[in-house]
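J.: Here's a structure for you.
Values in this text are rule-based calculations from the coordinates and carry no lab data. The shown structure was predicted, so the numbers you read here are calculated from the model rather than taken from an experiment.
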Amino acid sequence: MTNKKMDDRDGVKRKTFLRQAGSVAFFTALGLPFYSCGSTSADDSSEQTVNSSAVGITVDGNRITIDLNSITGQLLSEESDWLLIRDKRTLVVNVDGSLIRSFTSRCTHANCSVNWRFLNRQFECTCHGSRFDTAGAVTRGPATRDLPEFTVSREDDRITIETRNA
């Protein structure tokens, strides 16, 4: 058998195969830096989820107090930082570097309170994809009602959230 017959035996010439495989490898390598840029700590909800027993959080009835100097409080130190206090079903967001707001983490669509993400200044309920802005207003359904907001007060380096008013 000659080399020409071996190259054509399976219908793909060796030269064509190598050219296509090289192109695939090149474009895969080209895309890797962009893939790694796609995930940031802002969209990693596990880093932003705590329970009320976390360092710096105290609970007294319907009142949640967060010490902003604590490890947990540092999660709210900058604009667009946020926190989910899972067992109290409470979302907390630093809106502009100084204004902190808080909402129920029960989505108004189907009462899900499992996992939330915060991307592009919007909370996203991971149950069905509803989105809410930093004022709690619906920006994308299926939810049709805004998130109920809790009263937040700030004194020095402590914030207090009153959860009974929502």
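J.: How large, in Å, is segment 87-146 by the Kirkwood hydrodynamic radius built from its alpha-carbon pairs?
T.: 11.4 Å
J.: Shifting gears a bit: Binned at 10 Å from 0, what are the whole-percent values of the Cα-Cα distance distribution for segment 49-166, short to long?
T.: With a bin width of 10 Å, the distribution comes to 15, 51, 30, 4.
J.: Can you give me the C-alpha center-to-center distance between segment 53-126 and segment 142-166, rounded to a whole angstrom?
T.: Answer, in whole Å: 9.
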